[in-house]
Structure formats: structure tokens, C-alpha cells
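> Pasting a structure below so you can have a look.
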Amino acid sequence: MAPTATDITDRNRADTAAPAPERRPVVAAAALWGSVLAPFAALTAAVPMAWGRGLCWADVVIAAGAYAITGLGVTSSAACTARRRNSG
């Protein structure tokens, strides 16, 4: 029995292994993690210093509410855009 096109494709695919993912240089990875973690570290250090001197629970509630609203807005906007693109 002669091999079909699917058999040949599967055999060729099995012969070629997927390339190994490229690794980031250490400096790039450190810069990435530093830029992600630095704002949280700064916030963690600033809150105790400012508490009672202009920062109170009302400020925390307002900031958390604004963060939630804008986060949900960005997420829902991205989902709506993706849905519009997929629907044709």
C-alpha cells in the first residue's frame, strides 16, 4: 500500500524536532523583573511612611476602586476588540 500525503507529512513532522526556546540574557531578565517589582516595592515602602500624614483609609478605598474600574475597563475593552475581530 502506498503512503498517503498525511503519512508523509506526519513522518516529516516527526523527523524535525521543534527548536528549543531561546533564553533571555540574564541582564534582560533582571531588567524585566526589576521593572515589574520596583513599583510594588516603592508602594510598599511609601504607604507606611505616608500613613497618618495625608494617607488614610478613604484614600486607599478610592485608589482601589479606581484601579479596579480601570483594570476592568482595559480587560473588557480588549475582549470586545478580540470578539469583533473574530466575528468578521
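The values are calculated or read from the model by the stated rules, or taken from the named source; none is laboratory data. The structure presented is a predicted model; accordingly, all values stated were derived computationally and were not measured. Here the Cβ positions follow ideal geometry from the backbone for every residue, glycine too, while neighbour counts run over all protein chains shown.
> Kindly establish whether P48 is over 22 Å from the mean Cα position of the chain (by Cα) and at pLDDT 90 or above.
Yes, satisfied.
> Among the listed residues A58, A5, A31, which satisfies the condition of being modelled with pLDDT under 70, among the aliphatic types (A, V, I, L, M) and out of contact with any Leu (no Cβ under 8 Å at 6 or more places or on another chain)?
Being modelled with pLDDT under 70, among the aliphatic types (A, V, I, L, M) and out of contact with any Leu (no Cβ under 8 Å at 6 or more places or on another chain) holds for just one of A58, A5, A31, which is A5.
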